[in-house]
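A short write-up of the structure that comes next.
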Amino acid sequence: MSVFKEKIGKIKIFRSLKIRIFLIIMIVGMIPGILIHFGIMERYMDNAISVRSNEVQTQVRIIADHLLTYNYLHDSSNDVVNAELAQLSNLYDGRVLIIDSNLKIIKDTYGISEGKTIISEPIIRCFKGTGASNHVTENSYIEIIVPIEEKLSGDAAKNTNSASGVSPRIVGVMLTSVSMESIISSYEYLESRAFIIEILSVVILFGIAYFLSQHLLKPFEKITEAINEVKNGFTDEEIHITEYLETEHIGDAFNQMMGRMKVLDDSRQEFVSNVSHELKTPLASMKVLADSLLAQEEVPNELYREFMTDIAAEIDRENKIITDLLALVKMTRTSADMNVEPMDINAILELMLKRLGPIAARANVKLVFESRRKVSAEIDEVKMTLAFSNLVENAIKYNVDGGWVKVVLDADHQYFTVEVSDSGIGIPQEAIEHIYERFYRVDKSHSREIGGTGLGLAITRNVILMHRGSINVKSEEGKGTTFIVKIPLSYIAS
């Protein structure tokens, strides 16, 4: 188990951006050096062999001409030619063989193969007119083969030129073996110096990679430190790291997130304060009523009944506040359980208005339902009924004596629309943007008389958003209010 954890720890090292930048710089820096090293060294070796071969070939051709001049192939005792051959052999630490047309070695600068016959593919090809050639042997020698060509003169030359494809006659071959020891020594010397330079380059590259990997990530470390300070509560200032465009974007996103969290925190505190106030108010009323009863020794039955009725009303109010709070908490767009089924919207609205009929009658408000077409949609019946009930109930509560509430249902190919309009007191323009806030009341002075918890519109809005719909309001003080709800006919799952 410990070995497995150790392996996981080693793998995590490579997840570090700092390590990755370091490795990338090292690899990018080393690969060109390696390629250049092998390219230059191999090029040096090929070039050195080519130069040495051309140089030796030039001298061998000169000597080959002298061989013909001094008739060396028939008499190998010529001191001038032997001196040139010896000088060539000593100069390049090599060996020279002179071979006649019978493949017989007539001269060996080493003096060990004279009189012997030599048969090899390169020599045979040379006699057949392929020209000079050279190749490197396994024992690090350059073998250079040059034909000894007898140039024709007079009538023979004319006859040769007139006959196409006829070449000067090859009467012999010079095979020269040149040692590559000096080239190899130079190569090894350069390679050792190149290795030292490469080591120094790697050390310098390591330093550069380490410095850059540390320096380039400094702004990200600053962001981490700033976020940790905010997290630990040492500061609430915004983060501004502008070294890179990316860090600036991260800082801006974090600042926006903090701003959003601050708004949510303020909203939470306000919500807790409002809940505390709303829950304490009925309790305080009940406390006052109960203390009044306890302070009197003999309480008349009429007064006792009146106080107990008020206490029961406050208990009902407290219960409604708690019920609405629980409903609001459960109706979050991310966690609420939706029981979505195809439903008859006309039937739902008719049943809802029938239930609210007695409330409207007591308030002397007329309820009107207008259905412009039959509508079927995928909704959560319980939640949607609650949302529409809140809208209609508010329209009744904030209406005038003898007023009206009208509910209009319509639909197109994609959405159905419910308009709830009334002839009530209306909503001030400055209050419209706050009406969906929890516990917000437009007319606080009459809130106790009208009743309610101040949570109805907040619940309604949440239900509509859960159905991926929209709610809009138009209102004018003294003339009434219209809520327009738009819901997709087909439920769109999140």
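The values are calculated or read from the model by the stated rules, or taken from the named source; none is laboratory data. Fair warning: this is a prediction, and the values are worked out from it, not measured in the lab. Heads up, the Cβs are rebuilt from the backbone with ideal geometry, glycines too, and the neighbour counts pull from every protein chain shown. Keep in mind that these areas ignore ligands, DNA and RNA; they rest on the heavy atoms of the full protein, side chains included. Shrake-Rupley method; radii C 1.70, N 1.55, O 1.52, S 1.80 Å.
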**Request:** Run Lys374 past the list (1) surrounded by fewer than 18 Cβ atoms within 10 Å (Cβ to Cβ); (2) assigned to a helix (DSSP H, G or I) and report the number of the one that doesn't hold.
**Result:** (2)
**Prompt:** Of the residues in the stretch 198-233, how many are surrounded by 12 or more Cβ atoms within 10 Å (Cβ to Cβ) and over 32 Å from the mean Cα position of the chain (by Cα)?
**Reply:** 2
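Scan Ala458, Ala493 and give me the residue that is at pLDDT below 90, among the hydrophobic types (A, V, I, L, M, F, W, C) and surrounded by 20 or more Cβ atoms within 10 Å (Cβ to Cβ).
Of the residues listed, the single one that is at pLDDT below 90, among the hydrophobic types (A, V, I, L, M, F, W, C) and surrounded by 20 or more Cβ atoms within 10 Å (Cβ to Cβ) is Ala458.
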**Request:** Give the stretch 171-193 a look and list any residue that's closer than 24 Å to Ala132 by Cβ, surrounded by 14 or more Cβ atoms within 10 Å (Cβ to Cβ) and of a type in the set (Ser, Thr, Tyr), or say none.
**Result:** Thr176, Ser177, Ser179
**Asked** Does any residue in the stretch 418-445 that is at positive phi come within less than 9 Å, Cβ to Cβ, of a residue that is modelled with pLDDT of 75 or more and open to solvent by 30 Å² or more (accessible area, probe 1.4 Å) six or more places away or on a different chain, and which pairs are these?
**Response** Gly426/Tyr398; Gly426/Glu476; Gly426/Glu477; Gly426/Gly478; Gly426/Lys479
**Request:** List every residue pair whose Cβ atoms sit under 8 Å apart, with the two residues 6 or more apart in sequence or on different chains, where the first one lies in the stretch 475-493 and is closer than 22 Å to Glu433 by Cβ and the second, anywhere, is outside any strand (DSSP E or B) and aromatic (Phe, Trp, Tyr).
**Result:** Thr481/Tyr398; Val485/Phe388
**Message:** Pull out all pairs, ordered by first then second residue, where Cβ-Cβ is under 6 Å, the residues are six or more apart or on different chains, the first lies in the stretch 293-313 and is part of a loop (DSSP other than H, G, I, E, B), and the second is surrounded by 11 or more Cβ atoms within 10 Å (Cβ to Cβ) and not aromatic (Phe, Trp, Tyr).
**Reply:** Val299/Leu293
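Show me the helices (runs of 4 or more DSSP H) entirely contained within the stretch 1-99 in which 1 or more residues are within 30 Å of Ser192 (Cβ to Cβ), at pLDDT below 85 and open to solvent by less than 50 Å² (accessible area, probe 1.4 Å).
Filter on the stretch 1-99 gives 17-69.
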